[in-house]
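The values are calculated or read from the model by the stated rules, or taken from the named source; none is laboratory data. This is a predicted model, so every value here is computed, not measured. Quick reminder, even Gly has a Cβ in these numbers, built from the backbone with ideal geometry, and neighbours come from all protein chains shown. For the accessible areas, the whole protein counts, side chains as well, though only heavy atoms, and no ligand, DNA or RNA atoms are used. Shrake-Rupley method; radii C 1.70, N 1.55, O 1.52, S 1.80 Å.
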Amino acid sequence: DEVLGLTAYTGYAGKNAELQAWYDGYRFGDADIYNPWSVLSYLSKGGVAQPYWANTSGNLVLAQALHNSDSAEVDQLLHLLEPGATVVQPVDPDIAYGELESNPSAIWSVLYMAGYFTSDNTELPEDPAYPRALRIPNAEVRSALRREVVERTRQIAGNQYRLQTLRRALAGCDVAGVQQELGATHSFKAEK
């Protein structure tokens, strides 16, 4: 109701669907919540949809989480980029960011607590063993995650030319080309 009131007041009522797609989708208990920072930024910047919240930091948490993930977690993260996709994982509210290196499965809890994921399963919020269907809340977060995945892929590929070659091989279902670009045994993690 507050967002609808703001859009009516500022003259952007015709953009409610875009605003919702980009910045709504968080779930807190029984309430569906928009990202207030992004809504206010959207309205003050002339109604232009951009990843305002994601651009407030360098997405270090996301970059570190991707770096420390194994291939199973990366596959699940890539699956989440599909609209409507979910991944069922427990969320431990007591896991700290520093645990990512020693505990790759901490990625789900860390990214959930950082706002990259949300869940409609909000019962038992303090139970770290309770499985939750996690999802990306909106287009803003999806764009940040997609951008980080592309950046990680570019790092693995080595340069922009190799990234384009990899992209063409992927688009053309050229398994040999993909293996050549990534190396048959190369993992998603970049060389240290």
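Listed values, structure above:
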{"read-out": "Residue in the range 2-23 that is at pLDDT 90 or above, more than 30 Å from Glu99 (Cα to Cα), crowded, with 17+ Cβ neighbours inside 10 Å and among the basic types (Lys, Arg) present", "value": "yes"}
{"read-out": "Positions within the range 38-92 being at pLDDT 80 or above, hydroxyl-bearing (Ser, Thr, Tyr) and open to solvent by 60 Å² or more (accessible area, probe 1.4 Å), in sequence order", "value": "Ser44, Thr86"}
{"read-out": "Out of Arg146, Arg152, sole residue that is open to solvent by 50 Å² or more (accessible area, probe 1.4 Å), basic (Lys, Arg) and not in a strand (DSSP E or B)", "value": "Arg146"}
{"read-out": "Residue list for the range 157-192, filter: at pLDDT 75 or above, surrounded by 13 or more Cβ atoms within 10 Å (Cβ to Cβ) and in a loop (DSSP other than H, G, I, E, B)", "value": "Asp174"}
{"read-out": "Residue within the range 130-140 that is assigned to a helix (DSSP H, G or I) and either under 18 Å from the mean Cα position of the chain (by Cα) or at pLDDT 85 or above (or both) present", "value": "yes"}
{"read-out": "Residues being over 16 Å from Val87 (Cβ atoms) and open to solvent by less than 60 Å² (accessible area, probe 1.4 Å) - total across the range 128-141", "value": "3"}
{"read-out": "Residue match in the range 93-109 (condition: touching a helix residue (DSSP H, G or I) at 6+ places or on another chain (Cβ under 9 Å), small (Gly, Ala, Ser) and open to solvent by less than 10 Å² (accessible area, probe 1.4 Å))", "value": "yes"}
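Results for (1) touching a residue at least 24 places away in the same chain (Cβ under 8 Å); (2) part of a loop (DSSP other than H, G, I, E, B); (3) within 21 Å of the chain's Cα centre (by Cα), shown as yes or no for each residue.
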{"residue": "Thr7", "(1), (2), (3)": "yes, no, no"}
{"residue": "Gly14", "(1), (2), (3)": "no, no, no"}
{"residue": "Glu18", "(1), (2), (3)": "yes, no, yes"}
{"residue": "Trp22", "(1), (2), (3)": "yes, no, yes"}
{"residue": "Gly46", "(1), (2), (3)": "no, yes, no"}
